[in-house]
Amino acid sequence: MMDERGKESGVAAMAACYQKFDPAAYLQYNYTPPRADFSRKDSIVPWKLACLHRAFTEGDVRGELLVDIGSGPTLYQVMSGCEVFNRIILTDFLEVNRQELRRWLQDEGGCSLDWTPYLEHVCKLEGRRPSAWPEKAAKLRQVTSDILPIDVHCSQPLAPDILPSAGADCLVSSFCLESVSPDLPAFNRALGHIRKLLRPGGHLMLIGALGESYYFGGPGVRIPVVPLNEAQVCTSLKESDYTLIRLEVYTLPQDMRVGVDDVTGVFFAKAKRD
Ligand SMILES: C[S@@+](CC[C@H](N)C(=O)[O-])C[C@H]1O[C@@H](n2cnc3c(N)ncnc32)[C@H](O)[C@@H]1O
Ligand SMILES: O=[N+]([O-])c1ccc2c(c1)CN[C@@H](CO)C2
């Protein structure tokens, strides 16, 4: 059992890795073709968007407030949720990522990625014309009220008094917990910390990497990852007192392995806080 000093040094080492994180490079590595190829049914990003669309629209998810944990510089993870919730809070550990999000939300140009193809794809999933993407962009900008700092290794990851006393109605988090934790115990502790942000009966939409031990967060910025398998994801959710509703798994075809990480699969878990 690691002592407090060991836990703190592992977390501090991860924070140090993230000081060199490069949002533009990260987006280029993971959110452009082939991983984000909307003409390919086996591309990773369309698979993630389909999981999110189904999870948010199948009728059991409702409420006011959706919080995205560890947003990074990406917005795809809330493009379905913005039609269901009337308030979204985006969060990240790094100011450079919060700035990237702010640039898009304030529609002031200078974004590192064009999110239009994503907005068009989610419109199609919703049975709308792809040309309705400006309305979806406006909706997302309208409901996103805050972009806040977060640290999932803190027992209280957000500043006090940010959330309603009962907690958020829904959490979404993608590629965060396993990518920021020094080891599996820290991953499990972080899962417990974010659970306290969610009201009883609220849902957690968790996307993550399977079989990944590192990824590049920029040129030469090698960040260690806690390698997970499906069984571990289920065990961790159960041990953190979530009820798993559905676990979906994507296995990367060879040409999606582009040298920016050693990920072998992606999981999507829809769970509920009892
Ligand atoms: C692999 S990126 C995931 C980004 C995005 N959610 C996605 O789906 O691509 C991991 C994110 O976790 C953030 N992060 C790093 N340390 C963190 C911490 N202690 N608590 C919360 N987020 C953290 C990083 O700044 C980064 O944006
Ligand atoms: O294929 N993808 O859509 C995709 C998106 C983001 C990330 C990965 C894969 C794998 N590495 C993680 C960081 O641990 C980040």
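Derivation of every value follows stated rules applied to the coordinates shown; laboratory data play no part. Note that the structure is a prediction, hence the values are computed from the model and not measured. Glycine gets a Cβ as well: all are built from the backbone with ideal geometry, and neighbour counts include every protein chain shown.
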In segment 174-232, what chymotrypsin sites (Phe, Trp or Tyr not before Pro) fall in a loop by DSSP, with at most 12 other Cβ atoms inside 10 Å? none
For the chain, set up a Gaussian network in which alpha carbons nearer than 10 Å are linked by springs, and say which option among Glu178, Glu108, Glu239 fluctuates the most. Glu108
Lysine pair count for the chain [Cα-Cα under 21 Å; pairs on different chains or 8 or more apart]: 14
I'd like the Karplus ³J(HN,Hα) series for segment 7-14: coefficients 6.51, -1.76, 1.60, θ = phi - 60°, whole numbers in Hz, and an x wherever there's a Gly or Pro. 4, 5, 6, x, 5, 5, 5, 5
Interchain or long-range residues, amide H under 5 Å from Thr91's placed H: Asp68, Gly70, Ser71, Leu148
Give a residue-ordered list of calculated ³J(HN,Hα) values for segment 219-229 (Karplus: 6.51 cos²θ - 1.76 cosθ + 1.60, θ = phi - 60°; whole Hz; x for Gly, Pro). x, x, 9, 8, 10, x, 10, 6, x, 10, 10
Mean ellipticity per residue at 222 nm, deg cm²/dmol - from DSSP H runs of n ≥ 4 across the chain, formula -39500 (n - 2.57): -10500 deg cm²/dmol
For segment 240-248, Karplus-derived ³J(HN,Hα) couplings (6.51, -1.76, 1.60; θ = phi - 60°; whole Hz; x for glycine and proline) come out as 9, 6, 9, 9, 6, 8, 7, 10, 10
If a/c stays under 1.5 just call it rounded; otherwise compare a/b with b/c (prolate if a/b is bigger, oblate if not). Do that for the chain, with a ≥ b ≥ c from the square roots of the Cα gyration tensor eigenvalues. rounded
Residues meeting the amide H criterion for Tyr214 (H placed from the backbone, H to H distance under 5 Å, 5 or more places apart or on another chain) are Val225, Asp262
